[in-house]
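Okay, so here's the structure we're looking at.
What follows is calculated from the coordinates using simple rules that are stated; it is not laboratory data. This one's a predicted model, so the numbers in the text were calculated from it and none came from an experiment. Here the Cβ is made from the backbone with ideal geometry for all residues, glycine too, and neighbour counts use every protein chain on show.
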Amino acid sequence: MVKAELISRISHELNLSKKEVALIVNTVFETISQSLIQGDKVEIRGFGSFRTKERKERLGRNPRTGEPVKVPAKRVPYFKAGKDLKVIK
């Protein structure tokens with residue numbers, strides 16, 4: 001499912017315009033993103049939690065040339081599924 005399909009399905013389910021639903025969905029995603037940027041954890045009960053993890057600096061390689069390349073340390077988003085989501089029926 002892509003975002004447009006999500007918006008369409010919610011719009012149909014709640015009898016709201018796609019424009020209204022798109023605003024809501026985009027606001028939710030933007031709020032989650034901003035919270036993660038600030039270093040906060042976002043938890044949606046029954047669905048899961050979003051947080052960031054620190055990745056250490058490491059030595060990678062350029063796939064084209066095979067040369068070693070230094071990959072800098074960085075924070076990456078991480079999603080952990082909630083209990084209700086883990087058991088998909």
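Here are some notes:
- Cα centre as origin, Lys/Arg/Asp/Glu Cβ charges: segment 1-84 dipole, Debye: 520 debye
- To the nearest ten degrees, helix 18-37 and the longest principal axis of the Cα atoms of the chain are 30 degrees apart.
- Binned Cα-Cα distance frequencies in segment 3-86 - 5 Å width, integer %: 3, 12, 13, 14, 16, 13, 10, 8, 6, 3, 1, 0
- Pairs from the list LYS56/LYS86; LYS18/LYS56; LYS18/LYS74 with a Cα-Cα gap above 31 Å: LYS18/LYS56; LYS18/LYS74.
- Dipole-positive endmost among THR65, GLY48, LEU36 within segment 3-86 (Cβ charges, Cα centre): THR65
- Extension gain, PHE29 to ARG58: 0.36 nm times the residue separation minus the Cα-Cα distance gives 7.4 nm.
- For the chain, the mean residue ellipticity at 222 nm estimated from helices alone is -12500 deg cm²/dmol, where every DSSP H run of n ≥ 4 contributes -39500 (n - 2.57) and the total is divided by all residues, rounded to the nearest 500.
- Treating r as the C-beta distance of ILE37 and SER17 and R0 as 25 Å, the FRET efficiency rounds to 0.25.
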